[in-house]
Amino acid sequence: QLVESGGGVVQTGDSLRLSCAASERTFSARYMGWFRQAPGKEREFVAAIPWSRSSTYYADSVKGRFTISRDNGQNTLYLQMNSLKPEDTAAYYCAASTSAILSSIRSSNAYSYWGQGTLVTVSS
């Protein structure tokens, strides 16, 4: 129900845009988010956006460099990543939550639907 694309191998300072195509039912979830997991590390929150697109939320590590957006007409979630750093190297996952509240959107436990992930590698 969630399919990510757009990952790849880039150099430090480059940009990438990730996409997540969703079914209409899944995309109507209360919140959509991006998480990432680097090798040997736990999955961590990257960004989230509500269905209304009224606000966006970011991890401190990506704030000012990444932008989350969604096209509700196309049922697609995006993550524009600029000024990429080697520490951004990870598998990036799209997620949807039908029940999250604002205080929980940074927790992976709040999300019921997950994509298979797309790999981003940033070389120095």
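The values are calculated or read from the model by the stated rules, or taken from the named source; none is laboratory data. Small disclaimer: the values here were computed from a predicted structure and weren't measured. Every residue, glycine among them, receives a Cβ derived from its backbone with ideal geometry; neighbour counts consider all protein chains shown. Quick note on the areas: whole protein, heavy atoms, side chains included, nothing else; ligands and nucleic acids left out. Shrake-Rupley method; radii C 1.70, N 1.55, O 1.52, S 1.80 Å.
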>> For the chain, set up a GNM with springs between Cα atoms under 10 Å and report which of 72, 109, 82 has the largest fluctuation.
In response: 109
> Which whole number in µm²/s is D for the stretch 1-62 by Stokes-Einstein, with the Kirkwood Rh taken over Cα pairs at 10 °C and 1.306 mPa s?
Replying inline: 118 µm²/s
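Kirkwood-based Rg over Rh for the stretch 65-118 (C-alpha set), two decimals? Let's see the in-between values first.
Numbers: Rg = 12.6 Å, Rh = 12.8 Å.
So for the stretch 65-118, dividing Rg by the Kirkwood Rh gives 0.98.
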> Which whole-number percent is the relative contact order of the chain (Cα, under 8 Å, 6+ apart)?
Replying inline: 37 percent
>> If the only charges are +1 at each Lys and Arg Cβ and -1 at each Asp and Glu Cβ, what is the size of the charge dipole of the chain around the Cα centre, to the nearest 20 debye?
In response: 220 debye
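Sum -39500 (n - 2.57) across every DSSP H segment of at least 4 residues in the chain, then divide by the residue count to get the 222 nm mean residue ellipticity, nearest 500. It would help to have the intermediate numbers written out before the result.
Working: 1 runs with 4 residues, N = 124.
The helix contribution divided over the chain gives -500 deg cm²/dmol.
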> What nm distance separates the two modelled labels at residue 72 and residue 55, each placed 7 Å from Cα along Cα→Cβ?
Replying inline: 1.7 nm
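Taking the inverse of the average 1/r across all pairs of different Cα atoms in the chain, what Kirkwood radius in Å do you get? Intermediate values should be presented prior to the final figure.
On the way: mean 1/r = 0.0708 Å⁻¹.
That comes to 14.1 Å for the chain.
Could you state the accessible area per residue of the chain in Å², with a 1.4 Å probe and every protein chain left in place? Mind showing how you got there, number by number?
Numbers: 6190 Å² over 124 residues.
For the chain, the solvent-accessible area averages 50 Å² per residue.
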> For the chain, what % of the accessible area comes from carbon and sulfur atoms, probe 1.4 Å?
Replying inline: 46 percent
